[in-house]
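What follows is a short report on a single structure.
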Amino acid sequence: MGWFRQILGLERDGPGGIVGPAPMAMSAGAAGFVVDNSGDLDNALRHGNVSKAGQPVNERTALKVATVFACLRIRTGALANTPLSIKRRIDERTRVDAIDNPVWAVMNRRPNVWQTPSQFKRMMEGHLLLRGNAYAVKVYGVGQKLIGLIPLHPDRVVKRQRDDNRLEFVWTRKDGGQVLIKQEDMFHLVGLTLDGVNGLSVLSYAREAIGLSLAQEAHGATTFRNGANVSGALKMPEGQYLPPDKIELLRGQMDEYRSGGAKEGKVIVLEGGLEFQQMALSAEDAQWLESREYSRTDVCMFFGVQPHLVGITAGTTQLGSSIEAMGQGFQTYTLEDSYVTWEEAIGLQCLDWDRNPDLYARFNRNALVRADFKTRWEGYVKGLQWGVWSPNDVRALEDENPREGGDIYYPPPNMTATKTGDSNVDS
């Protein structure tokens, strides 16, 4: 466990390829760049990730875009709030909950000393979506039982593939020291990858779309702050003019009215033939608003989130004519990818499928319809009618205690076998 003490900064040297915390100069190589302090890291991230629109794109600036934040919140929240079970195969047809396995407690009770299970899963899924990789160091107890997972920020981890094709990870501590972590000691999630090792970072590939959104928001804020756009104008009859003192008086009155407060919603009186003329939205402004809509849709595409989930309702019927159909598309084409990624990673890296092939992780997809009471109970009724579930099975799905005599599986209607020549059988 010496290497784990070094992760916590309790030791300076030791086995496992530890490098001391001596300052390191900026350098480039296969492992990227190394910096002296957080200020250099911030500067490198800012100027090394500048979009063509002139906006630096990193995880902090990207989350200032409402669409990016909404996509991240929706996807991480959906996964974090879906119940996760550890199952054991008894035979080809029987499965039971393996709550006695320590992985169940880590994933559903306490992943580490400061995070709840939903916080841990939400954070790891956020790292996976933004960076393409998520890392957590395994903590073992007595008997080499997994008792915790310590998440590591992906910017501080470098993943390498050795000549024997196994992976190793180099984590940089805050004091500059580096820790070499073996593949079997790391729980890691990988998103879309082209080399089979490193996941693709959405922040890198969506840099232009996110940078454009940042630039458009900055342009809009500057325009409104400087007052370049006006909502209307006061018009005098042709051939008539106001003297300078009247113009200043009128300007002062209009500024006072536009300041809001107690005058909000009041009626103004225009004298001397003045008329208020509403100013239409300019073509440039209309194109700006339209381009903002396109950039929001582009961001949704990078995160695999249907536009209607982030408030874009125009032109979003491609997955069906109803919200239910689009919601099903989100579950099928987006959440399922996250579920399978987690399930396989837990099976291979935590449950050790090589030695325990009968154990597996499984997200409860049925929990996604818990808010839809009608759909949920229609499914229960069909399950009871066709003998798929017993009443006690349904009560268990609703987190209710079993009742006496509730373990009966009713025969499906019209499927009861009859004897040849039975008088009840139509000739």
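The values are calculated or read from the model by the stated rules, or taken from the named source; none is laboratory data. Bear in mind the structure is a predicted one, so any value in this text is a computation, not a measurement. Positions of Cβ are backbone-derived with ideal geometry, glycine not excepted, and every protein chain shown enters the neighbour counts.
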Scan the stretch 292-299 and give yes if some residue there is within 30 Å of residue 107 (Cβ to Cβ), modelled with pLDDT of 65 or more and either among the β-branched types (Val, Ile, Thr) or touching a Phe, Trp or Tyr at 6+ places or on another chain (Cβ under 7 Å) (or both), otherwise no. no
With the checklist (1) touching a residue at least 24 places away in the same chain (Cβ under 8 Å); (2) over 22 Å from residue 92 (Cβ atoms); (3) part of a loop (DSSP other than H, G, I, E, B) in hand, flag the one item residue 367 doesn't pass. (3)
Please note which strands (runs of 3 or more DSSP E) are completely contained in the stretch 91-187 and include at least 2 residues that are among the hydroxyl-bearing types (Ser, Thr, Tyr). 133-140
Specify the residue that is surrounded by the most Cβ atoms within 10 Å (Cβ to Cβ); the eligible residues are those in the stretch 109-153 that are under 22 Å from the mean Cα position of the chain (by Cα), among the polar types (S, T, N, Q) and more than 16 Å from residue 82 (Cα to Cα). 133
Could you tell me whether residue 388 is surrounded by 13 or more Cβ atoms within 10 Å (Cβ to Cβ) and out of contact with any helix residue (DSSP H, G or I) (no Cβ under 7 Å at 6 or more places or on another chain)? yes
Would you confirm whether any residue within the stretch 352-363 is of a type in the set (D, E, K, R) and either over 30 Å from residue 141 (Cα atoms) or not in a loop (DSSP other than H, G, I, E, B) (or both)? yes
Quick one: would you say residue 406 is assigned to a loop (DSSP other than H, G, I, E, B) and modelled with pLDDT of 80 or more? yes
Given the conditions (1) within 34 Å of the chain's Cα centre (by Cα); (2) among the charged types (D, E, K, R); (3) more than 23 Å from residue 339 (Cβ to Cβ), every one holds for residue 404 apart from (1)
Out of the residues in the stretch 391-403 that are at pLDDT 85 or above and among the charged types (D, E, K, R), which is surrounded by the fewest Cβ atoms within 10 Å (Cβ to Cβ)? 403
Select from the stretch 195-209 the residues that are aliphatic (A, V, I, L, M) and either surrounded by fewer than 17 Cβ atoms within 10 Å (Cβ to Cβ) or more than 16 Å from the chain's Cα centre (by Cα) (or both) and write down the one among them that is modelled with the highest pLDDT. 197
Counting only residues that are within 23 Å of residue 331 (Cβ to Cβ) and loosely packed, with under 14 Cβ neighbours inside 10 Å, how many does the stretch 70-96 have? 2
